[in-house]
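Worksheet for the structure shown next.
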Amino acid sequence: MSPILDAFSKALADFWQPRILLLALVPPLAAIAVWTALAWTFADDWARLVTDWIAATSWLSWVQSWGLSSVFVWAGGITALALTLPLMLITAVLVTDIVAMPVIVPFVGQRHHPQLERRKGGTIAGSVANAAIAVSLFAAMWILSLPFWFTGIGALVLPPLISAFFNQRMFRYDAMAEHATAEEYSRIVRGSRGDLFVLGLLLSLLLYVPVVNLMVPVLSALAFTHFCLARLERVRAPGQSLH
């Protein structure tokens, strides 16, 4: 747990640097603005879609005859919310990856690992591919998990686990793209999967804390950059390994 807590504590310390703090406002505000506008625009269309579906489904005709259509509309609203929340997270993380990571990686590298050689093993194409895979896997896992939300415990346990996977899958590539070779990246990912997931889980739990959850995307970017560059420095040290 020491490398995980070390990365987390350094991320917290760096978060309050003025330029990082300013960056932290961009992802959540962008995500909230985009999805609030879309929800406001299409809320009536979604309610109408649910009502029309009930009316067109023969085995649900009793719902309308008993005047219970509003129950399905309400359930449709809950479903829309369950789908909107991960979309907001994806938006915030993507904005962080595009806007904040180009600032965070050199900031952490120069401030904490000035002697770490930049071997530039990552590419723009690799970053885009990594983001596409991460978003696709996250979306698939979230959709597959929706039935378990009705168990109660599933709604509490599954979202942070899925978000933990998404965070580490999303940020680990760009955290090392500037400094690591492709071989070093693969070696660190293979040897640190468990630690990367635990760090992601720790950060995902902060999404449940009001106000604090707004800074999670940039805090995550900082934490994964700290963790990955520290691991890279360790890998390059003579006689050292990941374990």
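The values are calculated or read from the model by the stated rules, or taken from the named source; none is laboratory data. Quick caveat, the model's predicted, so the values are computed rather than measured. No Cβ is skipped: glycine too gets one built from the backbone with ideal geometry, and neighbour counts run over all protein chains shown. Note: accessible area is taken over every heavy atom of the protein model, side chains too, but ligands, DNA and RNA are not part of it. Shrake-Rupley method; radii C 1.70, N 1.55, O 1.52, S 1.80 Å.
Residues to consider are Leu144, Leu89, Leu158; find the one that is open to solvent by 80 Å² or more (accessible area, probe 1.4 Å) and part of a helix (DSSP H, G or I). Exactly one residue qualifies, and that residue is Leu144.
Regarding Leu199, is this residue closer than 20 Å to Glu233 by Cβ and within 14 Å of the chain's Cα centre (by Cα)?
When the stated conditions are applied, Leu199 passes them.
When segment 105-141 is examined, which residues are found to be over 16 Å from Phe166 (Cβ atoms) and assigned to a helix (DSSP H, G or I)? Once the filter is applied, which keeps residues that are over 16 Å from Phe166 (Cβ atoms) and assigned to a helix (DSSP H, G or I), segment 105-141 yields Val105, Pro106, Phe107, Val108, Gly109, Gln110, Arg111, His112, Ile124, Ala125, Gly126, Val128.
The residue pairs whose first member lies in segment 1-30 and is part of a helix (DSSP H, G or I), whose second member is aromatic (Phe, Trp, Tyr) and open to solvent by less than 50 Å² (accessible area, probe 1.4 Å), and whose beta carbons are closer than 6 Å, counting only pairs six or more residues apart or on different chains, are Ala7/Phe227.
Listed here are the residues, each with its yes/no results for (1) β-branched (Val, Ile, Thr); (2) modelled with pLDDT of 85 or more; (3) assigned to a helix (DSSP H, G or I).
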site	(1), (2), (3)
Val34	yes, no, yes
Trp40	no, no, yes
Asp45	no, no, yes
Gly67	no, no, no
Val95	yes, yes, yes
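Within segment 193-203, the set of residues being among the small types (Gly, Ala, Ser) and buried (at least 24 other Cβ atoms within 10 Å of the Cβ) comprises just one member, Gly200. For segment 215-231, the count of residues that are assigned to a helix (DSSP H, G or I) and open to solvent by 50 Å² or more (accessible area, probe 1.4 Å) is zero. Among the conditions (1) more than 24 Å from the chain's Cα centre (by Cα); (2) at pLDDT 85 or above, the only one that Leu22 does not satisfy is (1).
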